[in-house]
């Protein structure tokens with residue numbers, strides 16, 4: 001079994017320092033700490049870097065927004081926390097500190113930020129990597145549970161947590177992952193809106209239905225990273241996880257779910273500060289990009305499904321959705337001419 005001490009945790013921040021320090025406040029209470037928590041700042045413009053630095057130095061406290069079952073979250077960094085703040089590309093300390101703030105000079109998106117952190121962690125000899133959204137808090141045994149499930153599934157290269165809603169903590173957001181529907185290009189979270197108290201004891205059926213691990217909490221092995229490669233940065237936002245899962249499947253890897261790895265997710269916190277239309281643009285564009293790469297024969301059906309969405313959103317006055325859907329379909333037809 002891979003030890004927690006041989007595992008990195010990677011958070012990618014963009015203009016969300018308050019979420020970052022709350023997440024760190026829970027991660028520092030893990031029952032078995034990782035080798036390092038790497039926070040990649042994607043060229044934030046809200047003063048995230050100095051605020052995170054000040055919190056790590058113990059200069060202020062940030063009270064958690066909610067009290068959640070099983071979560072221990074310190075409002076202030078512990079005295080003696082070993083941390084460092086460095087530019088991406090600088091020489092890294094050895095060993096890595098408990099918390100490493102890695103400052104990127106530009107916003108490289110979710111995939112690019114994670115890839116920066118993965119490169120540092122891999123160079124430090126970590127054997128597993130937990131990719132975690134900044135707008136989450138975790139329970140003390142959440143990392144150990146991921147590693148135990150990984151150990152129990154030799155064919156797995158990636159494991160997901162039980163994601164619960166931060167603001168509705170008794171309800172499930174996803175049992176580790178989601179099922180993808182190639183005929184629409186959309187996906188549905190497994191177990192969505194079920195009750196935490198009713199989680200199945202056997203993760204097997206959920207794992208068999210899983211198309212990809214939800215990126216809010218995804219642990220991968222170093223072996224996966226070496227064979228499958230880093231996350232694809234073409235997407236910038238959305239569809240990176242399922243692209244990774246498809247490539248992992250091509251290399252013979254399975255996906256797993258650790259029911260007792262519990263993570264509370266604020267949902268949307270990592271992207272909510274982006275312009276709404278920009279997020280929609282990536283969502284609809286990447287649906288077609290992914291379909292063309294992995295399910296090209298479904299391209300026509302996906303475009304027709306998106307056409308029906310145009311009508312749906314127009315009837316409800318969702319004009320941003322209408323504009324971005326039409327723009328994505330038009331660009332797809334004009335540039336790739338697959339019909």
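Read-outs: derived from the displayed coordinates by stated rules, not from any lab. Since the model is a prediction, treat every value here as computed from it, not as a measurement. Every residue, glycine as well, gets a Cβ built from its backbone with ideal geometry; the counts of neighbours run over all protein chains shown.
In terms of Cα atoms, the Rg and Dmax of the chain work out to 19.7, 62 Å. Here the simple spin-label model places points 7 Å from the Cα toward Cβ, and for residue 87 and residue 234 these points are separated by 3.2 nm. May I ask what percent, to the nearest 5, of DSSP beta bridges between residues of segment 87-208 are antiparallel? So the antiparallel bridges in segment 87-208 amount to around 90 percent. Can you tell me how segment 276-336 classifies by the Cα gyration tensor, rounded, prolate or oblate, using a/c under 1.5 as the rounded cut? Cα axes put segment 276-336 in the prolate bin. Computed as a quarter of the hull surface, the mean projected area of the alpha carbon convex hull for segment 60-218 stands at 11.8 nm². The alpha carbon centroids of segment 276-338 and segment 237-265 are separated by 24 Å.
Taking the longest Cα principal axis of the chain as reference, the axis of helix 299-315 is set at about 90 degrees.
With helices as the sole contributors, the chain gives -11500 deg cm²/dmol at 222 nm; each DSSP H run of n ≥ 4 counts as -39500 (n - 2.57), and the sum is divided by every residue. Which of these, 100, 219, 195, has the largest mean-square fluctuation under a Gaussian network model of the chain (Cα springs below 10 Å)? Ranking 100, 219, 195 by mean-square fluctuation puts 195 first. Mean-square fluctuations from a GNM of the chain, with a 10 angstrom spring cutoff on Cα atoms, peak among 94, 279, 161 at 94. Descending by average beta-carbon neighbour count within 10 Å, the peptides 118-129, 4-15 line up as 4-15, 118-129, the highest first. Among beta bridges from DSSP that stay inside the chain, the antiparallel ones total about 40%. Each Cα pair under 8 Å and six or more residues apart adds its separation to the average, and for the chain the resulting relative contact order is 19 percent.
With only Cα atoms counted, segment 98-172 has Rg and Dmax values of 14.6, 40 Å. Does anyone have the angle between helix 319-336 and the longest principal axis of the chain? Alpha-carbon axes, 0 to 90°, nearest 10? Helix 319-336 sits roughly 70 degrees off the main axis of the chain.
Using R0 = 35 Å, the C-beta based FRET efficiency linking residue 292 and residue 223 works out to 0.75.
Of 249, 323, 103, which has the largest mean-square fluctuation in a 10 Å C-alpha GNM of the chain? The residue that fluctuates most here is 323. Each part reduced to its alpha carbon centroid, segment 175-219 and segment 18-55 end up 27 Å apart. Under 14 Å from a point placed 7 Å out from the Cα of residue 195 along the Cα-to-Cβ direction: which residues of segment 152-173 have their backbone N that close? Label zone hits: 169-172.
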